[in-house]
Every structure is written in structure tokens, then in C-alpha cells.
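The next block holds one structure in the form of C-alpha cells; read it before the comments.
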Amino acid sequence: RTQEVSDITSRVSLHAAVREVLEALKTLRAQAASDRAQQVLEGLRQLLVILEDRSRDFTRNEIEARLAAAREAGADLVVAVGGGSVIDAGKAVAAMLANDGALSDYLEIVGQGRALTQPSRPCIAVPTTAGTGAEVTRNAVLSAASHEVKVSLRSPFMMPCVAIVDPE
């Protein structure tokens, strides 16, 4: 019973964090002082929010499914709320939204390891755990279960544009 209450509390906290991010974006859009800031904010059509509670890395198929959903929605901003694997998933989706080709074209070890040529779409990282530092790294660690290894998608273009770190 205690675990159920704790799970519900965690989910409510995560949803509150996403609401805060969305409200901050609305405020920023309303208060954009420069023409460039206004232009960028007006260009944001859709958000893709990755909000999950998980302890394992995302697989290539899981990233591709989220990427397909993001493209279908016309997303051009990713908000990733969760632990390191969720932040990495957000960075991977944001990177692939801006780059042509398949995810496997850019993966190290099990893919072609090509370099990303375009900057990622904006990614807002909201870590809910401490320790991974995924919100301040330029790579995404994914699971390649078929090869029984972890692989990386990495690029200087993959740093989240904003990290919201709240110890509460």
C-alpha cells in the first residue's frame, strides 16, 4: 500500500514538472523580447513529451517509435522528464528530428556511426534522479539487445538546450 502511494506521488510530481515546463514556455513566448527569440518561439509547433519511469535504456525500436510519433505530430521541441535513460531518449529523438536517415545510420558499434550534420531540435531535460548527468552530456546511450551491448549516439549537437534540476 505504501508503495502504491509513493508511485502515485511520484507520478503527480512528474506531471507537475511537465506542467511547469509548459507554463514556462508559454511565459517565455509571451515575454520574448528580441525578434530572434520571438521567431524561434513562434516556430515551435508541437511538443513531444517523453515522461516515463524506467530503469533500463531504451532500445533502437523504442526510440524509432517515439521518433515516428514526434514526426507525425510535427514536433519540434522535446521535453524529457525522468531518469538518465529518459533524458537520453529525448536527446536521441531531438537529434533525429533534425537529421535525415535512420537511427542506425548514426549509432556506434551496431550502426554506421555517421556524424550528425544538423543541430538537434530543442530538448528540455528535466531529470528526476541524480547521478547519470544525462542532462549535461552530448550523447545518448541505447540498448542493442540483439547484440547484447549498449551503444551510443553522440554529437556536439546533442546537448539539451535547457536542464531543469529541482532537488525537491
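The table below gives the values:
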read-out	value
Peptides ranked, highest mean first, by Cβ atoms within 10 Å: ranges 141-150, 82-91	82-91, 141-150
Cα-only Debye scattering, region 101-154: base-10 log of I(q)/I(0) at q = 0.18, 0.23 Å⁻¹	-0.71, -1.00
N61 paired with T129, simple spin-label distance in nm, labels 7 Å along Cα-to-beta-carbon	2.2
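Values quoted throughout were computed directly from the atomic coordinates according to the rules given, and no laboratory measurement underlies them. These numbers were taken from a predicted model, which means no experiment stands behind them. Neighbour counts run over all protein chains shown; Cβ positions are idealised from the backbone, glycine included.
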